[in-house]
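Peer 1: This structure is in structure tokens; I'll ask about it shortly.
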Amino acid sequence: RRYRLRWPDLKAKAVKSFWQTVGNYKRAVKRVDDGHRLCNDLMGCLQERAKIEKAYGDQLTAWSKRWRQLIEKGPQYGSVERAWLAVMTEAEKVSELHQDVKNNLMNEDVEKVKNWQKEAYHKQMIGGFKEAKEADEGFKKAQKPWAKKLKEMEAAKKSYHMACKEEKLAAAREANGKTEASVTADQQKKLHEKVDKCKQDAQKAKEKYEKSLEELNKCTPQYMESMEQVFDQCQQHEIRRLTFLKEALLDIKRHLNLTENQSYSTIYRELERTILSSNTQEDLKWFSNNHGPGMHMNWPAFEEYNPDQAAAPPKKKKPDGAPPTPSTDHVAPPGDRSSVSSYEKNQAYSTEWSDDEQPATHSGNENGGNGNSFEEDSSTGKAVRVRALYDYEGQEQDELTFKAGEELTKTEDEDEQGWCRGRLDSGREGLYPANYVEPI
């Protein structure tokens, strides 16, 4: 019954449908080739995204490294400096996550699509795919009997229409002959016989046409059933492709969505905790104790003459296994041991940036309007990260205390007596023996 209902409806629309047009199944066969090409397109799409993720991660790393050095060399101190550096740590960790995204896209998603494509589409030696060839042959086999009947019906239809045309022409000539006096009775008889013959031919053509149409309609249900069977096979292959594509896109979404990554949330919780832990009063107290009124001062007092003062100054006690500690009699007064400060720098810097736009250079009135508070003055040396080789316990208030393996920043080079000025990660600045550390 479904064939009787569907077929007239398609004829009424006069559309070159999948059913009526011989060979119109090619669009279903072409879908196999399109599916293979779409797999290549998806892999190309993911490869481009992976490049973007890698480039973004590399830029974050470069940005973090550059600004970490500038901040460590700059005048900011204490807990606010640690909070600022935490932003650089955030960039480094986010960069690692984006590198993971790139690796997942390339090593998992692209490989998954490539392997599925290899299993789903089998190339032939003569070109094309086995699945497309099988579908094409199946459609041809299903359509061949019906196509033959269709061709016979079309020929019978054409013959019938030509016979009808001849019949009308003969009838018109006979009618004209009756009105013209020049047409003899014999000629009128021949015209009448011609009309009768054309009517007979038209009737025979009609019967042949009706018979061929009836035969075509009889084989139509079998034709449609065979075509639908082949089409269902194509649909099954397409179902596998669409199902796989949906699963692959969900995997891609999972790799791209960093908000679902627990590490991503942890990064910003740690950043917030570090920022909130900054303490204004502690920073001000530290600065006062190291660069303000809180610094220790040996005020001048009356001293009796002592002949022993001309002797060599006492040496500081060194730890076991450590190199000799430089003497302390050379140490300059606290006022000369100044930290690297934006108020003492006046050298502008230029920056390199990966984008076309250059970051703005900020200036202040304190350094003449053209300086950068994060640049080192050439006269004070360059800040360098060092690692302690031995434990050292500060003997005086302006000396640092650290453990072996601890890292700190050297802010001033070694003086003639073997002492360097540096800054611990806690923000405290002071002197330490140069031979107790090594560059990182």
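The values are calculated or read from the model by the stated rules, or taken from the named source; none is laboratory data. This is a predicted model, so every value here is computed, not measured. Backbone-built Cβ (ideal geometry, glycine too); neighbour counts: all protein chains shown. What goes into the accessible areas is simple: the full protein's heavy atoms, side chains included, and nothing from ligands, DNA or RNA. Shrake-Rupley method; radii C 1.70, N 1.55, O 1.52, S 1.80 Å.
Peer 1: Straight-line reach from K199: which aspartates and glutamates have a Cα under 19 Å away, not including same-chain ones fewer than 8 places off?
Peer 2: Here the aspartates and glutamates satisfying the reach criterion relative to K199 are E166, E167, E174, E207, E210.
Peer 1: Rg (Å, one decimal) plus Dmax (Å, integer) for the alpha carbons of segment 18-95?
Peer 2: 26.3, 84
Peer 1: Counting only protein heavy atoms and a 1.4 Å probe, tell me what percentage of segment 166-297's accessible area is made up of carbon and sulfur.
Peer 2: 52 percent
Peer 1: For segment 56-156, what Kirkwood radius comes out of the mean inverse Cα-Cα distance, in Å?
Peer 2: Details: mean 1/r = 0.0507 Å⁻¹.
It is 19.7 Å.
Peer 1: Let me ask something additional. Quick one: 3J(HN,Hα) in Hz for segment 138-148, Karplus 6.51/-1.76/1.60 with θ = phi - 60°, rounded, Gly and Pro as x.
Peer 2: Values per residue, Gly and Pro as x: x, 5, 4, 5, 5, 8, 4, x, 5, 4, 5 Hz.
Peer 1: Zone of D41 (label point 7 Å along Cα→Cβ, backbone N under 20 Å): which residues in segment 124-142?
Peer 2: Only 128-129, 132 pass the distance filter.
Peer 1: Which pairs break 28 Å Cα to Cα here: K157/K197; K30/K112; K114/K141; K178/K208; K51/K246?
Peer 2: Details: K157/K197 19 Å; K30/K112 24 Å; K114/K141 33 Å; K178/K208 33 Å; K51/K246 23 Å.
Cα-Cα > 28 Å for K114/K141; K178/K208; rest within.
Peer 1: Less than 19 Å from a label point 7 Å out along the Cα-to-Cβ axis of R240: which backbone N atoms in segment 121-151 qualify, by residue?
Peer 2: Flagged as within label range: 121-125, 128-139.
Peer 1: Further, regarding this structure: What accessible area per residue, rounded to a whole number of Å², is obtained for segment 97-191 using a probe radius of 1.4 Å? Don't skip to the end; give the middle numbers.
Peer 2: Working: 6410 Å² over 95 residues.
I get 67 Å² per residue for segment 97-191.
Peer 1: Could I ask something else about it? Keeping the other protein chains in place, figure out the carbon and sulfur percent of the accessible area of segment 83-138, with a 1.4 Å probe.
Peer 2: 51 percent
Peer 1: For segment 382-396 and segment 154-188, compute the distance between their C-alpha centroids and round to whole Å.
Peer 2: 122 Å
Peer 1: Looking at segment 159-209, I'd like the Rg to Rh ratio, where Rg is from alpha-carbon atoms and Rh is Kirkwood's inverse mean 1/r. Kindly include the intermediate steps, with their values, before the conclusion.
Peer 2: Numbers: Rg = 12.1 Å, Rh = 11.2 Å.
Radius of gyration relative to Kirkwood radius: 1.08.
Peer 1: Binning at 10 angstrom from zero up to the longest distance, how are the C-alpha pair distances of segment 156-268 distributed in percent?
Peer 2: 12, 17, 13, 11, 10, 9, 9, 7, 6, 4, 2, 0
Peer 1: Normalised by the residues of segment 20-156, what does the relative contact order come to in percent, with Cα pairs under 8 Å and at least six apart? The partial results should precede the final answer.
Peer 2: Working: 80 pairs, mean separation 52.7, N = 137.
Once normalised by length, the contact order is 38 percent.
Peer 1: Still on this structure, please answer the following. Using the alpha-carbon centroid of each, what span in Å lies between segment 78-103 and segment 214-233?
Peer 2: 66 Å
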